[in-house]
Amino acid sequence: MRQFVERHRVWAFIIFLAVAAFLWLIFAVWPDWLVDSLGRKKTFVNTLLNGITLAGLYFLVASGFTLVFGLMRNVNLAHGSMYLLGAYIGYEVATASGNWFLGLAVAFLAIGASGVLLQVLIFRRMEGDDLRQTLVTIGISIIAADLMLAVWTGNTYQFEPPEWLFGAVTLPIISVIKASGDPVYIKYPMFRLTVLVVAVAVGIGLWLFLNRTKLGMMIRAGVNDRQMLAASGVNVQLLFAIVFAIGAGLAGFAGVIGGTALSIAPGEDVRYLLASLIVVIVGGLGSVTGAAIGALLIGLAEQFGLAYFPTYGVVLTFLIMVFVLAVRPQGVMGGR
Amino acid sequence: MDARRLLSGNFSFADLHPGVLLVIVFLLAYPGFASDFFVFQIGAYTLILGTIALSLMMLGGYGGMVSLAQLTVAGLAGYLVAIVGTNSVGVMGLGWPWWITVPFAILAAAVFSALIGAISVRTEGIYTIMITLAIAVAFFYFVRQNYVVFNGFTGFAGIEPPTLFGVYWRDPVPFYYLSLTVAGGFYAAVLYASRSTFGLSLQAIRDNPRRMRALGYDVTLHRVFAYFLAGLIAGTAGVLMVWFNGRISPGSVGVDIVIDILVIAVVGGMRHPIGPFLGALVFVLLQNFAIDLIDRERFNTVIGLAFLLVVLFSPDGLLGLWQRVRPKLRFARTARYEAGRAEERDRQGAGPLEQT
Amino acid sequence: MRRFTKTTIAAVAALSLAAPALAEDTIKMGALATLEGAFTVLGEDSMRGVELALEEFEYTAGGKKIELITGSSDASPDSAIRAARKLVEQDGVQILVGPLSGSEGLAVKDYAKTQPEVTFVNGSSAAQDTTLRNPSDNFFRFSTEGAQWMAGLGEYVYNEKGYRNIAVLAEDYSFPYTQVFGFLEPFCRLGGKAPVDARFWVPIGNKDYSSVIAALPDDVDAIYVALGGADAVNFLTQYEQAGGDLPLIGGSITVDQTVLGSKGRTRDFIIGTPSAGPISDTWDDPRWSAFVEAYKAKFPDGFPSPSLFAHAYYINTKAALLALNEVDGDLSDGGVKLREALANLEFETPTGMVKLDERRQAVADIFLTEVIEGPDGNLLNKTIKVIPQVDQTFGLSYDDFLQYGQVSRENPSCE
């Protein structure tokens, strides 16, 4: 960092100013001219937080997607179905047992197991045939969507998270000062902050796993050169199964988190598949860091779009994708 | 293949298999004995869906680029017909005459397709399917939200084909022959193009882009041009589609239909241009009559299972299945079978599903 | 080239399925609903309504047997047209009941114009323009539409609840436009305010309302919410989570059975929300109770109480059957007499008398309701008031009503 400051004085100064202005936007009480031009501060800060927390959710879904691709070159278009199935399974377990955390755990394990099954029974047979694997995942997602509709119908489900995770918390950010001089603080849903914390934890966990464990080292080696890894005596098939389990499990895990923050209904599979696709296209396929950056960009774009120009929110997301593809086809953090 | 020889000049009727002749006669005579429903909703619709899937087959089969945005391209052409032509909704409808509207819509669709190509071909092969899927879904969301140009959720209605030479072109029989002409024309054109210099280079690029680049070919340009051609095909089919329905709305370009087109192409077979039409026929028959045979509720499971089984066990679709079964059924004619060298070459050349 | 033979065989095989000869003493009736896709559950309940009506007539009307043929769409207009075309042109139905959703209704109405011999009776589709602008001579709607459903709600919240300023949150397409129009028109005429910049239109299928909630103004008396199904459930939960405390006013599908029956927390929150619509679960009228009993007896695994879809399909099917009785099942004139009978039909439904106006649109009673918690813990819509005989033009003449223009985000402007 110090090196950066010494080398690029001007840039460092600009970045410093931007960060300072940003912090000021969040913590200061907005003067009238700013309210006139940007609208109420409450809207801005809430939208910002919404964008970041939504990014957390997107990261949870997309990290599994990108992890699987990174090692196996498998574009799993059934990832959205795994998300939705995880949510439904988690819901059934959580309602039956009355324990939300149990639902979360079972969703992770069950979808992880389904991932292993897919890998062992199907993808293993067509290794190296990327396109056919992808087509298979499309077929699976068509059938899965229809069967889930048969079992859980078109109803909307919502989880009941533990009481302490529900409701609003008051943040130490002043929204406006009332005429009486009392500050009005911004309230924010507790669960959404939890989503962010979980996402950060999962992100750090993945990083530690990939960079600090032996297994992670093998995975990274596999990403770089699969043949070489196999030649050096590592059981590649086992490694694949483990990674698929983690990737799929993360989708199921995200299903419960997302289902609690929002809700579960048919069609969510396509929505989260699309989100994952755009996040990894923007961030760079195969890179977990890229998924985090992509998720942040897309999450913020979606929420600011929704709050400030609802009609064209989708287009903003899409423009980001096209722009990144035009400038850097392999994505922000993509290596190849 | 016979059509190819027909086009390349060294064609004689002796080459023409009786089956082909039978099919041509059947297709031409079809409206003579089929009910309007079968002519229009089964016949014409099969040809339209088949043509859209044909554009996917051309990209995927010869170019190795499986684009999920072909229906989107067709949808754009359909939308443009409503926007610059006439509609009954009272939004847009610039009222251009059909002879400007139609070429404009098709050309714009082809340019759109080329742009999609330009965005997606710069990346690695498997990216194509992801990017085109993302584009298709984004287009769906966009037209659903945009009221100024695309009239949002409601879309457009009252879109009429022109009345020409005293014929109303949406009447079942004229519309059928119109669709047959378009489908047949593109079918022959794709067959012909696959043997042209461009088609051969495209297939070579599919098999080994690096080598082709080293040989001095502009790989990107070839691919983008292929997208442009596919856009012409899909765009024309899109115009027919909007005439067929008389309306277009976001539901017409939804994700499920985008996937349906892929299902049609893959189930039919991506090696030969007849595959998409075969797939479309099976699909349309199922779509219309599944409700009489099984519970309509699980229609998508049937479609998905058929797709999955084909991908798992017969990567070349129904076409591949037939080709595998045929020699066993008729081993006596094996000699003649092997004489069809052109076909043999085709088999070696094609097969993106195994070679990418 | 033998591969072609397969095509031939398939096509010939399909041809042999073509319409079997029509028996003299049966009448073919088609019913079209969404039996696939996300609205499957609603489509199935619609079919229950059709069956209930047919059962009541023991599948006979005008001395002839009624043969029911079902068709399915996925709620897109294209699929509705395809299914309708198959029912009419292939299966040869003479009466078609359907479809379910508004945009499908508009499409089927257009299709009806090309089939003058066939009689079309609406299912539950509730788009205003299906019968208001360019109606089709052979399309009849005995159920009410989105703007009618809101009758009385604007007056109620202005007079009884005392609301003056209202924010609007609705999905961004024609059905909510119609509902917002039906609600705001009387409300604004009384002097209420709902300025255009306090109306929030969210894309359909949007799940994350938190940013919209943050943008909602604080200085209004209530929020009018016209969201359906999953979207409504999402909004309600997130509004509660965000600490929102403004009272709500519901559109007709914001607090229908699908939302009230959803699992989760939202339930406690919507108690007390006023709304209006074509049915009310708790109306203590013998006609309605009899209908609910019949529904429950025949479909123990259906909804706890018939949805507005089952209700609309029931009424429309029943209308067709009554008219068939009247003409003794005589359709030999291409259904001319039948359509005449339908146009003049006036009959008793579970929700009161229904008759048609000159554009073949129902004039019927509308229910003003409020959400309450039922005795066994389930949520219900309690009837506050019945608004009698609501017509499509709110009592104005047809021409005056057209002055309002097409429903849109800014209609009425309400400044």
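The values are calculated or read from the model by the stated rules, or taken from the named source; none is laboratory data. Just so it is clear, the model here is predicted, and its values are computed rather than measured. As a convention, Cβ positions derive from the backbone with ideal geometry for all residues, glycine included, and neighbour counts pool all protein chains shown.
Things worth noting here:
- When A:253, A:304 are checked against the criterion of being in contact (Cβ under 8 Å) with a residue 60 or more places away in the chain, within 14 Å of chain C (Cβ to nearest Cβ) and of a type in the set (Phe, Trp, Tyr), a single residue qualifies: A:304.
- Residue satisfying all of: in the stretch B:26-35; more than 10 Å from every other protein chain (Cβ to nearest Cβ) and surrounded by fewer than 16 Cβ atoms within 10 Å (Cβ to Cβ); farthest from the chain's Cα centre (by Cα) among these: B:32
- For the stretch A:35-92, the tally of residues that are surrounded by fewer than 23 Cβ atoms within 10 Å (Cβ to Cβ), more than 30 Å from residue A:176 (Cβ to Cβ) and within 14 Å of chain C (Cβ to nearest Cβ) stands at 2.
- Within the option set B:118, B:110, B:114, being touching a helix residue (DSSP H, G or I) at 6+ places or on another chain (Cβ under 8 Å), part of a helix (DSSP H, G or I) and farther than 20 Å from residue A:323 by Cβ holds for one residue only, B:110.
- Helices (runs of 4 or more DSSP H) (entirely within the stretch C:123-200) containing at least 1 residues that are among the polar types (S, T, N, Q) and within 17 Å of the chain's Cα centre (by Cα): C:129-132, C:174-189
- Of all residues in the stretch B:107-157, those that are at the interface with another protein chain (Cβ under 7 Å from one of its Cβ atoms) and among the β-branched types (Val, Ile, Thr) total 7.
- Scan of the stretch A:307-325 for residues that are in contact with a helix residue (DSSP H, G or I) (Cβ under 7 Å, 6 or more places away or on another chain), free of Cβ contacts under 8 Å to residues at least 24 places away in the same chain and farther than 21 Å from residue A:75 by Cα, ordered by number: A:311, A:312, A:313, A:314, A:315, A:316
- Residue satisfying condition, being in contact with a Gly (Cβ under 9 Å, 6 or more places away or on another chain), facing chain C (nearest Cβ under 9 Å) and either at positive phi or surrounded by fewer than 19 Cβ atoms within 10 Å (Cβ to Cβ) (or both), within set A:167, A:154: A:167
- Selection status of residue A:174, closer than 27 Å to residue C:227 by Cα and surrounded by 15 or more Cβ atoms within 10 Å (Cβ to Cβ): no
- So residue C:236, is it buried (at least 22 other Cβ atoms within 10 Å of the Cβ), hydrophobic (A, V, I, L, M, F, W, C) and touching a Phe, Trp or Tyr at 6+ places or on another chain (Cβ under 8 Å): yes
- Residue in the stretch B:67-84 that is hydrophobic (A, V, I, L, M, F, W, C), more than 22 Å from residue B:231 (Cβ to Cβ) and within 14 Å of chain C (Cβ to nearest Cβ) present: no
- Scan of the stretch C:120-143 for residues that are more than 13 Å from chain B (Cβ to nearest Cβ) and either closer than 18 Å to residue C:397 by Cβ or of a type in the set (Asp, Glu) (or both), ordered by number: C:131, C:132, C:135, C:137
- Selection status of residue A:264, within 14 Å of chain C (Cβ to nearest Cβ), closer than 21 Å to residue A:83 by Cβ and at pLDDT 90 or above: no
- Test set (1) within 14 Å of chain A (Cβ to nearest Cβ); (2) within 20 Å of residue C:383 (Cα to Cα); (3) not acidic (Asp, Glu) - residue C:273 fails condition number: (1)
- Near pairs, Cβ below 9 angstrom, 6+ apart or cross-chain, from the stretch A:13-36 (in a helix (DSSP H, G or I)) to any residue that is exposed (fewer than 10 other Cβ atoms within 10 Å of the Cβ): A:27/A:172
- Given (1) under 21 Å from residue C:274 (Cα atoms); (2) surrounded by fewer than 23 Cβ atoms within 10 Å (Cβ to Cβ), index of the condition residue C:227 fails: (2)
- Where residue C:377 falls short, out of the listed (1) surrounded by fewer than 16 Cβ atoms within 10 Å (Cβ to Cβ); (2) on the phi < 0 side of the Ramachandran plot: (2)
- Qualifying residue in the stretch B:88-103 (condition: under 19 Å from residue B:244 (Cβ atoms), in contact with a Pro (Cβ under 6 Å, 6 or more places away or on another chain) and away from chain A (no Cβ under 14 Å)): yes
- Yes/no for residue C:214 being in contact with a Phe, Trp or Tyr (Cβ under 9 Å, 6 or more places away or on another chain) and without any contact (Cβ under 8 Å) to a residue 40 or more places away in the chain: yes
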